[in-house]
Amino acid sequence: NSTETDLRSSQQIRSPPTSFHANSTTEEYEGEYDDIGLRSGHGTLKFSNGDTYRGGFLEGYRHGRGEIKFADGSKYNGAWEHDKYHGYGQRCFANGDMYIGHFDKGQRCGHGKFEYAKGDTYVGAWSNGKINGYGTYYHKNGDAYEGMFVNGIKNGPGKYSLVDGRLDISKYVNGQRRGVGLRLCAERKRAWTLVDGVLAEEISLSDAYKIQTEVGFGDD
């Protein structure tokens, strides 16, 4: 069926849109200045391309708490440092996608939640603006993958939960299940081996636990 086919396919998580509009040109500033004439305190900065920022400034930079609304209808609301998203914030994109979480110097970094307009959701680790580390990707149809990612691709031990309750445990290499893995029925009373993601033979629960341990989920 289609679900089984999807499980065996290489599933790279779609890279979310970039964080910044890089070509904004300052048009007008209204707000506070410091003693040497630099924007500091609270103010509003409007750009010739239609973008508008309202919030904190320090030594001429957007800094502290602030919100920028882009001309395309997208926006960011959260922490800033030296003109970049830095700290906790919310980025809403024009296509309906939304990221809520931490940023580091303009890049998604640390823990965050990305809600895709198509109905999928990712919750977990980020670095360099990409899904990296341990996290859970929830599919709109109710399936979910929990495990390791490298640059948005499943890599390392992972668990794939099907909406009907079945659970697959495998090691992933560049989005593909490799080696011997495990499938458990919804009631967790029967088990089968998976070889490169393909269902093979039924095994005992004790053998299933050994495979689960070898894959990297021995304590589950």
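The values are calculated or read from the model by the stated rules, or taken from the named source; none is laboratory data. Every value quoted in this text rests on a predicted model; they were computed, and no experiment measured them. Because the Cβ atoms are built from the backbone with ideal geometry, glycine has one as well, and the counts that use them run over all protein chains shown. In case anyone asks, the SASA skips ligands and DNA or RNA and just uses the protein heavy atoms, side chains included. Shrake-Rupley method; radii C 1.70, N 1.55, O 1.52, S 1.80 Å.
When only alpha-carbon atoms are used, what values of Rg and Dmax, in angstrom, describe the range 40-90?
10.1, 29
Given a 1.4 angstrom probe, what's the average accessible area per residue across the chain, in square angstrom?
Details: 11320 Å² over 220 residues.
Normalised by residue count, the accessible surface of the chain is 51 Å².
Counting only Cα atoms, I'd like the Rg/Rh figure for the range 24-126, Kirkwood definition for Rh.
Working: Rg = 14.6 Å, Rh = 14.2 Å.
We get a ratio of 1.03 for the range 24-126.
What's the angle, to the nearest 10 degrees (0 to 90), between helix 205-215's Cα axis and the longest principal axis of the chain?
40
Work out the FRET efficiency for E201 and V163 from their Cβ-Cβ distance, taking R0 = 25 Å, and round it to the nearest 0.05. Intermediate results must be reported in sequence, preceding the final value.
Numbers: r = 25 Å, r/R0 = 0.98.
Given R0 = 25 Å and the Cβ-Cβ separation, E is 0.55.
Residues with amide H under 5 Å of E27's amide H, sequence separation 5 or more or different chain, H placed in the peptide plane at 1.01 Å from N; which?
Result for E27 returns K46, F47, S48.
Would you work out which of I68, G55, I100 lies farthest towards the positive end of the dipole of the chain? Charges go on Cβ: Lys and Arg +1, Asp and Glu -1.
Among I68, G55, I100, the one farthest towards the positive end of the dipole of the chain is I100.
For the range 146-220, which trypsin sites (Lys or Arg not before Pro) are both in a DSSP coil and crowded by at most 11 other Cβ atoms within 10 Å? Display every interim value, and only then the final one.
Working: sites: K154, K159, R166, K171, R177, R178, R183, R188, K189, R190, K210; in loops: R166, R188, K189, R190.
Here the sparse-neighbourhood loop sites are K189.
Once amide H atoms are built 1.01 Å from N in the peptide plane, which residues 5 or more positions from D143, or in another chain, come under 5 Å H to H?
Long-range HN contacts for D143: V163.
Note down the magnitude of the dipole of the chain about its Cα centre, charges +1 on Lys and Arg C-beta and -1 on Asp and Glu C-beta and zero elsewhere, to the nearest 20 debye. Each step should come with its number before you reach the end.
Details: 28 positive and 30 negative charges, 99 e Å.
The dipole of the chain has a size of about 480 debye.
For V195, what residues show an amide H to amide H distance below 5 Å, using hydrogens built from the backbone and excluding near sequence neighbours?
Here the answer is G181, A200, since their amide H atoms fall under 5 Å of that of V195.
Calculate the FRET efficiency for Y134 and T44 from the Cβ-Cβ distance with a Förster distance of 30 Å, rounded to the nearest 0.05. List each step's numbers first, then the result.
Numbers: r = 40 Å, r/R0 = 1.34.
That gives a FRET efficiency of 0.15.
Note the per residue figure in Å³ for the convex hull of the C-alpha positions in the chain. Kindly include the intermediate steps, with their values, before the conclusion.
On the way: hull volume 26.4 nm³, N = 220.
Roughly 120 Å³ of hull volume per residue.
Would you kindly derive the ³J(HN,Hα) couplings of the range 55-69 from the backbone phi angles with the Karplus curve 6.51 cos²θ - 1.76 cosθ + 1.60 (θ = phi - 60°), listing them in order in whole Hz, with x for Gly and Pro?
Using θ = phi - 60°, the values come out as x, x, 9, 8, 6, x, 9, 5, 7, x, 8, x, 10, 10, 10 Hz.
Can you work out D for the range 25-66 in µm² s⁻¹ from Stokes-Einstein, where Rh is the Kirkwood radius over C-alpha pairs, the temperature is 10 °C and the viscosity is 1.306 mPa s?
Working: Rh = 10.1 Å.
It diffuses with D of about 158 µm²/s by this estimate.
Which ³J(HN,Hα) values, rounded to whole Hz and listed in residue order, are derived for the range 105-117 from phi using the Karplus coefficients 6.51, -1.76 and 1.60 in 6.51 cos²θ - 1.76 cosθ + 1.60 with θ = phi - 60°, glycine and proline given as x?
Couplings: 6, x, 10, 4, 7, x, 9, x, 10, 10, 9, 7, 4 Hz.
Per-residue ellipticity at 222 nm for the chain, helices alone: DSSP H runs ≥ 4 residues times -39500 (n - 2.57), over residue total, nearest 500 deg cm²/dmol? Each step should come with its number before you reach the end.
Details: 2 runs with 18 residues, N = 220.
Helix-only estimate at 222 nm: -2500 deg cm²/dmol.
On the accessible surface of the chain, probed at 1.4 Å, how many percent belong to carbon and sulfur atoms? All intermediate terms of the calculation are to be shown ahead of the outcome.
Working: 5490 of 11320 Å².
Carbon and sulfur: 48 percent of the exposed surface of the chain.
Taking the alpha-carbon centroid of each part, what is the distance from the range 30-53 to the range 137-154 in angstrom?
Using only Cα atoms to place each centre, the spacing works out to 41 Å.
Calculate log10 I(q)/I(0) of the range 126-201 for q = 0.15, 0.17, 0.26, 0.28 Å⁻¹, where I(q) comes from the Debye formula with a single equal point scatterer on each Cα and nothing for solvent.
Listed by q, the Debye log ratios stand at -0.51, -0.64, -1.19, -1.27.
Out of G152, G110, G43, any idea which swings most in a Gaussian network model of the chain, alpha carbons joined below 10 Å?
Comparing G152, G110, G43 in a Gaussian network model of the chain, the most mobile one is G43.
With springs only between Cα atoms under 10 Å, which of Y29, Y172, Y134 fluctuates most in a Gaussian network model of the chain?
Among Y29, Y172, Y134, the largest GNM mean-square fluctuation belongs to Y29.
Can you pull out the trypsin sites (Lys or Arg not before Pro) in the range 104-135 whose DSSP state is coil and whose Cβ has at most 13 other Cβ atoms within 10 Å?
Values: sites: K105, R108, K113, K118, K130; in loops: K105, K118.
Hits after loop and neighbour filter: K105, K118.
When the Kirkwood radius is taken over all Cα pairs of the range 78-126, what Stokes-Einstein diffusion coefficient follows at 25 °C and 0.890 mPa s, in µm²/s?
Working: Rh = 10.8 Å.
Rounded to a whole number, D works out at 226 µm²/s.
Between F47, F103, F149, where does the largest GNM mean-square fluctuation fall for the chain, given springs only between Cα atoms within less than 10 Å?
For the chain, modelled as a Gaussian network with Cα springs under 10 Å, the answer is F47.
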